[in-house]
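The values are calculated or read from the model by the stated rules, or taken from the named source; none is laboratory data. Only a predicted model underlies this, so the values are computations on that prediction, with no experimental measurement involved. Glycine gets a Cβ as well: all are built from the backbone with ideal geometry, and neighbour counts include every protein chain shown. To get the accessible areas, we keep the full protein, side chains included, count just its heavy atoms, and leave off ligands, DNA and RNA. Shrake-Rupley method; radii C 1.70, N 1.55, O 1.52, S 1.80 Å.
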Amino acid sequence: MEVLIIVVLLIILLAIWIVSTQQKLAVMDENINNTMGQIGVQLSSRFDVLISLLDLTKCYAEDEFQGLILTVQTQRSPITAQSKPKEVLRQEQIISEILGRIIMIAEHCPELKADKNYIRYMDAVDCYERMVHTSCLIYNDSVTKFNQSLRSVPTNLIARLLGFYQQEYLEASIRNKQL
């Protein structure tokens with residue numbers, strides 16, 4: 001009888017531990033998803049500002065405008081909570097390429113470069129870039145904590161059974177701009 005009570009208590013303790021481990025990992029996973037979603041919103045805002053910049057450059061470089069707007073329309077894709085880091089980096093590359101071409105247009109058109117709206121939009125692009133950078137740092141920190149939990153004993157014994165796998169890190173920003 002005593003052995004049965006001990007076995008039942010061990011099973012109950014094991015069940016409690018499994019449920020609490022699952023909840024801990026689920027919260028950590030959700031933090032990662034939330035941060036990725038924030039990155040997606042910020043990237044979308046950067047694209048919106050880039051489109052405003054493109055509209056501004058339209059009267060200065062019509063041919064270039066058409067090509068850039070087509071690039072945005074065909075290559076822009078939404079970043080969601082389930083997106084992978086390589087998708088974020090791809091969107092960052094697109095933004096960097098377009099922004100570089102806009103800056104090149106502005107260098108050849110001093111009146112564009114001096115335009116108040118151009119300056120305001122460029123400031124907004126920089127602001128969103130800093131926000132994305134900060135969110136990427138938070139994302140990587142969340143991934144580090146999650147991956148460390150998955151690798152620690154005894155969590156590693158049941159993590160895969162519960163459907164949790166290591167997450168990928170976001171690589172450093174393409175532009176590596178000094179904040």
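Things to note:
- Tabulated pairs, the range 87-109, first outside any helix (DSSP H, G or I), second open to solvent by 60 Å² or more (accessible area, probe 1.4 Å), C-beta under 9 angstrom, 6+ apart or interchain: Cys109/Tyr60
- Residue in the range 88-110 that is closer than 26 Å to Gln167 by Cα and touching a Pro at 6+ places or on another chain (Cβ under 7 Å) present: no
- Of the residues screened, Tyr128 is one that is farther than 30 Å from Ser20 by Cα and open to solvent by less than 90 Å² (accessible area, probe 1.4 Å).
- Residue in the range 117-140 that is touching a Phe, Trp or Tyr at 6+ places or on another chain (Cβ under 7 Å), in a helix (DSSP H, G or I) and among the aliphatic types (A, V, I, L, M) present: no
- Of residues in the range 31-83 being among the hydroxyl-bearing types (Ser, Thr, Tyr) and touching a Gly at 6+ places or on another chain (Cβ under 9 Å), the one most open to solvent (accessible area, probe 1.4 Å): Thr80
- Every condition in (1) touching a Lys or Arg at 6+ places or on another chain (Cβ under 8 Å); (2) surrounded by 12 or more Cβ atoms within 10 Å (Cβ to Cβ); (3) modelled with pLDDT under 95 holds for Leu179 except the one numbered (2).
- Screening Ser77, Ser44, Ser52 for residues that are assigned to a helix (DSSP H, G or I), without any contact (Cβ under 8 Å) to a residue 60 or more places away in the chain and over 30 Å from Ala159 (Cα atoms) leaves exactly one candidate, Ser44.
- The set of residues in the range 134-160 being in contact (Cβ under 8 Å) with a residue 12 or more places away in the chain, open to solvent by 60 Å² or more (accessible area, probe 1.4 Å) and farther than 16 Å from Leu25 by Cα consists of Ile138 alone.
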